Amino acid sequence: MSSKKAFALRVSDEIFAAVQRWADDDLRSVNGQIEYLLRESLRASGRLPPAKHQEGPAPDSEEPGASGA
């Protein structure tokens, strides 16, 4: 796991409250939510490589409705 850098972030009460609600909805901490939002924004802008893991079914699992015939 990569190391993490601690720093102070000043945001308005309105922004903090909105991030707190979103974090609560996603079952994350505010810090985790901010890191998630930054990571996704960096990936969307091409400034961070795509995630190494891929979403989808496990390689040995069969998709629902798929048949061998």
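Pairs needed: first member in the stretch 28-52, touching a residue at least 12 places away in the same chain (Cβ under 8 Å) and within 23 Å of Ala6 (Cβ to Cβ); second member anywhere, in a loop (DSSP other than H, G, I, E, B) and not β-branched (Val, Ile, Thr); C-beta distance under 7 Å; at least 6 residues apart or different chains.
That search, which allows pairs on different chains as well, returns Gln33/Asp26.
Consider Arg28 carefully, then state whether it is assigned to a loop (DSSP other than H, G, I, E, B), surrounded by 10 or more Cβ atoms within 10 Å (Cβ to Cβ) and modelled with pLDDT of 85 or more.
yes
Within the stretch 50-69, track down each residue that is at pLDDT 70 or above and either of a type in the set (Lys, Arg) or surrounded by 10 or more Cβ atoms within 10 Å (Cβ to Cβ) (or both).
Ala51, Lys52 - these are the residues of the stretch 50-69 that are at pLDDT 70 or above and either of a type in the set (Lys, Arg) or surrounded by 10 or more Cβ atoms within 10 Å (Cβ to Cβ) (or both).
Any idea which of Arg21, Arg47 is part of a loop (DSSP other than H, G, I, E, B), of a type in the set (D, E, K, R) and modelled with pLDDT of 95 or more?
Residue meeting the stated conditions: Arg47.
The values are calculated or read from the model by the stated rules, or taken from the named source; none is laboratory data. Treat the numbers as computed from the prediction; the structure is a model and nothing was measured. When we count neighbours, we look across all protein chains shown, and the Cβ atoms used for this are built from the backbone with ideal geometry, even at glycine.
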